[in-house]
Each structure stands twice: as structure tokens, then as C-alpha cells.
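> So that we are looking at the same thing, I have put the structure below in C-alpha cells.
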Amino acid sequence: MLRRTAIQLSLAAVFTASSLAAQENRPLAKITGADTIRYSYEYLQELWSSGIASSIALVDSMMVVDGLTVFFPTDLETDRWYAFSASTAKGLVELRVKRLNYTNIRYELWISNGEKRKEDEGVVIGGPGIIGSENDQDDRSLVQYFCTEYTACSLHCCRSIRIGRNDTDELVAKFKRHCDLPGMDIGLDDMPTLRLPEGTKR
């Protein structure tokens with residue numbers, strides 16, 4: 001059974017993270033600018049207890065990690081739905097996403113084959129790669145590109161949405177799902193590169 005992830009704005013969660021870090025001899029990072037409206041509390045808690053840095057400063061879309069500056073992706077405007085899609089053997093796949101803040105994306109996965117049905121929905125969380133960036137391959141050009149991964153786990157499944165710009169500077173997306181129930185998995189190779197309609201302003 002996959003672990004259910006919950007976001008709780010409580011001191012108990014902070015003390016738990018502190019205790020785990022102490023047990024693993026990991027230093028707790030000092031974080032400034034930690035606004036839980038602009039950034040997921042769960043994401044900040046992970047940064048705080050990860051041991052990857054001693055100092056983390058957050059300023060809007062910028063994060064400074066021990067002097068190294070990285071940026072949260074802002075290709076997607078906040079509170080605006082974007083529809084990435086592609087045709088597959090199962091029908092038309094449409095991934096609708098809306099950026100809620102710098103770390104959280106709401107999504108809906110639709111599949112149309114005679115009738116339109118919602119395959120999945122929820123909120124995924126992610127941010128810039130500090131240790132290393134993720135990369136995917138565009139299934140048209142076969143050229144790899146850097147992307148940002150947003151993930152979330154529920155009782156039986158973990159989902160991942162990866163968004164980035166390909167070799168032609170086109171904003172593209174991928175979706176994958178791993179479950180402990182049979183027939184529910186969607187691998188990266190099972191899902192083609194999802195694209196925005198031509199002429200979409202972004």
C-alpha cells in the first residue's frame with residue numbers, strides 16, 4: 001500500500017520533521033520567506049528537513065540555496081487552465097492543468113473515445129531541481145529536454161506530471177501513474193508527449 005500524503009499546518013508536523021532529521025544526523029535548513037500561501041507547506045517542510053542545504057531563502061519565484069539561485073517555473077500563469085493533449089490508441093488524452101501557486105498544480109486527466117471521461121484528478125506538488133533536473137524526450141523530435149516534476153501520492157497510487165520546454169521552445173507535458181492495483185499504471189512510455197493547441201498564449 002502506498003503512503004497517503006497529507007498537508008497539515010501544525011507544530012506537530014514540524015517537530016516530527018525535526019526529530020527525523022536529528023535521528024539521521026541531518027542539519028535542519030534555515031528558511032526565510034516561507035509563505036505557505038505562495039509555497040506548499042509540505043514542500044517547505046521537506047526542504048527544511050532534507051539536509052541538502054543550511055540556508056534557503058524564498059523570494060517570489062526565486063529560491064537561493066546556500067548561495068545558488070534557482071527559479072520556480074512560471075511558464076503557466078496562475079489560476080488559468082491549460083489543456084495539453086495528444087491522440088493515442090485509447091483515444092484523445094487531455095491533461096488540464098492550473099498552477100495554484102509556485103509549487104502546486106491542480107490537474108484533470110480526460111480520455112475521449114466515443115465518450116469523454118475523467119480518468120484522474122488532484123493536486124501535485126513540485127519545484128526546481130536543486131540536486132539535478134529531470135529530463136524527458138519529445139516523441140516527435142526524439143530530443144531530450146529539461147522538465148520540472150510535480151508529484152502526489154494517495155492511498156493506492158502515486159502520480160507525476162512533468163512540464164518543460166522542448167527543443168523548439170514548445171511547452172509540453174507528460175503524465176505517469178504508479179499504483180498497487182492491477183491495470184492502473186500509466187508509464188511515461190505509455191503516454192505520448194502532450195502539447196498545447198497551436199496559438200496558445202503562454
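> Distances over 12 Å make up what percent of all Cα-Cα pairs in the range 36-80?
Tail of P(r) above 12 Å: 67 percent of Cα pairs.
> Still on this structure, please answer the following. Obtain the nm distance between the two label points defined at residue 189 and residue 146 by a simple spin-label model: each point lies 7 Å from its Cα along the Cα-to-C-beta direction.
Calculated label separation equals 2.7 nm.
> While we're on this one: Evaluate 2.2 N^0.38 Å with N set to the residue count of the range 81-195, then give the Cα radius of gyration divided by it.
Working: Rg = 13.7 Å, N = 115, 2.2 N^0.38 = 13.4 Å.
Here the answer is 1.03, to two decimals.
We did not get these values from a lab; they are worked out from the coordinates using the rules stated. Bear in mind that the values here come from a model prediction, so they are computed numbers and not experimental data. Cβ atoms come from the backbone with ideal geometry, glycine included; neighbour counts cover every protein chain shown.
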